[in-house]
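**Student:** There's a structure below that I have some questions on.
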Amino acid sequence: MANITAALVKELREKTGAGVMDAKKALVEVEGDMEKAVELLREKGIAKAAKKADRVAAEGLTGIYVNGNVAAIVEVNAETDFVAKNAQFVELVNETAKAIAEQKPANNEEALKVTLASGETLEAAYVNATATIGEKISFRRFALVEKEDAQVFGAYQHNGGKIGVVTVLEGADEALAKQVAMHVAAMNPTVLSYKELSEEFIHDELAQMNHKIEQDNESRAMVDKPALPLLKYGSKLQLTDEVMAQAEEDIKAELKAEGKPEKIWDKIIPGKMARFMLDNTKVDQQYTLLSQVYIMDDSKTVEAYLESVNAKAISFVRFEVGEGIERAANDFENEVAATMAAALNN
């Protein structure tokens, strides 16, 4: 048996781009013959897949699978939307979600080692899919969502799977949980509650919102429209008891200045306080699920609606295909130049 050294494995990897284990297995199989090892990897499609590894795969699908009290949501990427509709690709996404829900890996490294129903690992399946389909297919990420027996999952995929959402609700049925998942898909909250936002984040977002208001006010001034007030607060996190008490005092002073009789103040103040809360939680409304206006009933926030039916949102996960991936711009001139250079060199 040939001695397969680390140097041989390194050389084969450099020639083909194959992984360490694939390169070593190939060398063992051909008893250390480099040319035969290269050809073997090409025949298996591993070298072909490796050549596509540096391409940007920003299209694809999400997949969701529920296994008892565990739900898995995954994102699998391809280079083109056309391939994302390929039956083999769709099946691979669904098999991936099922395997992860059942085997519960801790991270992506472990996920690539889970086995599919076919017996092959997830990593091998993606290498083979890349070779068979003809463009880079990659497993990007997953999340495992767990619930208690008394809780329910809501699963929803939008736009053919471009967006996937899993929610967990308490005191609700699956239909309501799915409706909340639809809301999450449409409104894209990033966290459940304002309590998950940091003071620094709120400060920065509030500054950006006020900058936009200042820009709008410049335009309004040009057509003699009154300026919009700047926002002093952006989140419930900033609305302390002292702030709310002062707001109520300001409202009372305003009612008194307007000549409103004190005996009707109790009917007016709650509405004005609610308006104060609405005007000063714009950051919450943009980023937190519970503070957003519910798309199924725009008279209430999500939190208020769920409270009205004695339900509670526990958690959610939202994946949107390609979010955060920098798509490479097509540089036509460079492509032409590269093609011409290659032709001249041949």
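**Student:** Helix 87-103 against the longest principal axis of the chain: what's the angle in degrees, Cα atoms only, rounded to the nearest 10?
**Tutor:** Tilt relative to the chain: about 70 degrees.
**Student:** OK, next. Straight distance only, please: which lysines reach the Cα of Lys25 with their own Cα at less than 25 Å, same-chain residues fewer than 8 apart left out?
**Tutor:** The reachable lysines, counting only those whose Cα sits under 25 Å from Lys25, are Lys10, Lys15, Lys36, Lys44, Lys48, Lys51, Lys52, Lys113, Lys136.
**Student:** Follow-up question, since we're still on this one. Per DSSP H run of at least 4 residues, take -39500 (n - 2.57); add these up for the chain, divide by its residues and hand me the 222 nm value, nearest 500 deg cm²/dmol.
**Tutor:** -15000 deg cm²/dmol
**Student:** May I ask you to list the lysines whose Cα is less than 16 Å away from that of Lys260, ignoring any residue fewer than eight positions away on the same chain?
**Tutor:** Straight-distance partners of Lys260: Lys252, Lys272.
**Student:** Springs between alpha-carbon pairs under 10 angstrom, Gaussian network model over the chain: which of Ser299, Ser291, Ser118 fluctuates most?
**Tutor:** Ser118
**Student:** Right, next: Quote the charge dipole size of the chain about the Cα centre in Debye, to the nearest 20; the model charges only the Cβ of Lys and Arg (+1) and of Asp and Glu (-1).
**Tutor:** 400
**Student:** Moving to a separate point now. Short version: ³J(HN,Hα) in whole Hz for each residue of segment 288-293, in order, from phi by Karplus 6.51 cos²θ - 1.76 cosθ + 1.60 (θ = phi - 60°), x for Gly and Pro, what are they?
**Tutor:** Each residue's phi maps through the Karplus curve to give 10, 4, 5, 8, 7, 5 Hz.
**Student:** Identify all aspartates and glutamates with a Cα-Cα distance to Lys267 below 19 Å; exclude those on the same chain that are fewer than 8 residues away in sequence.
**Tutor:** Partners within reach: Glu248, Glu249, Asp250, Glu254, Glu258.
**Student:** Now for a separate question. Could you state the number of Å between the C-alpha centres of segment 76-126 and segment 185-210?
**Tutor:** Comparing the Cα centres of segment 185-210 and segment 76-126, I get a distance of 33 Å.
**Student:** Which of Ala87, Ala245, Ala131 moves most in a GNM of the chain, Cα contacts under 10 Å?
**Tutor:** Taking springs between Cα atoms under 10 Å, the residue moving most is Ala245.
**Student:** Right, something else. Given the options Lys212, Lys104, Lys147, state which has the largest fluctuation in a GNM of the chain using a 10 Å cut-off (strictly under) for Cα springs.
**Tutor:** Of Lys212, Lys104, Lys147, the Gaussian network model singles out Lys212 as fluctuating most.
**Student:** Tell me, what HN-Hα J-couplings in whole Hz come from the Karplus equation 6.51 cos²θ - 1.76 cosθ + 1.60 at θ = phi - 60° for each residue of segment 63-76, using x for Gly and Pro?
**Tutor:** Coupling constants for segment 63-76: x, 10, 9, 10, 10, x, 9, 10, 10, 10, 10, 10, 10, 10 Hz.
**Student:** From Cα coordinates alone, what are the radius of gyration and Dmax values for the chain in angstrom?
**Tutor:** Both quantities, over Cα of the chain: 28.1, 101 Å.
**Student:** Output the 0 to 90 degree angle, nearest 10, between the alpha-carbon long axis of helix 174-187 and the longest principal axis computed from the alpha carbons of the chain.
**Tutor:** The two axes meet at around 90 degrees.
**Student:** Counting Lys +1, Arg +1, Asp -1, Glu -1, what net charge surrounds Asp284 among other residues with beta carbon under 11 Å of its beta carbon?
**Tutor:** Working: positive: Lys195, Lys236, Lys282; negative: Glu196, Glu205, Glu303.
Once all neighbours under 11 Å are counted, the net charge is 0.
FYI, it's all coordinate maths here, none of it is from the lab. Bear in mind the structure is a predicted one, so any value in this text is a computation, not a measurement. Cβ atoms come from the backbone with ideal geometry, glycine included; neighbour counts cover every protein chain shown.
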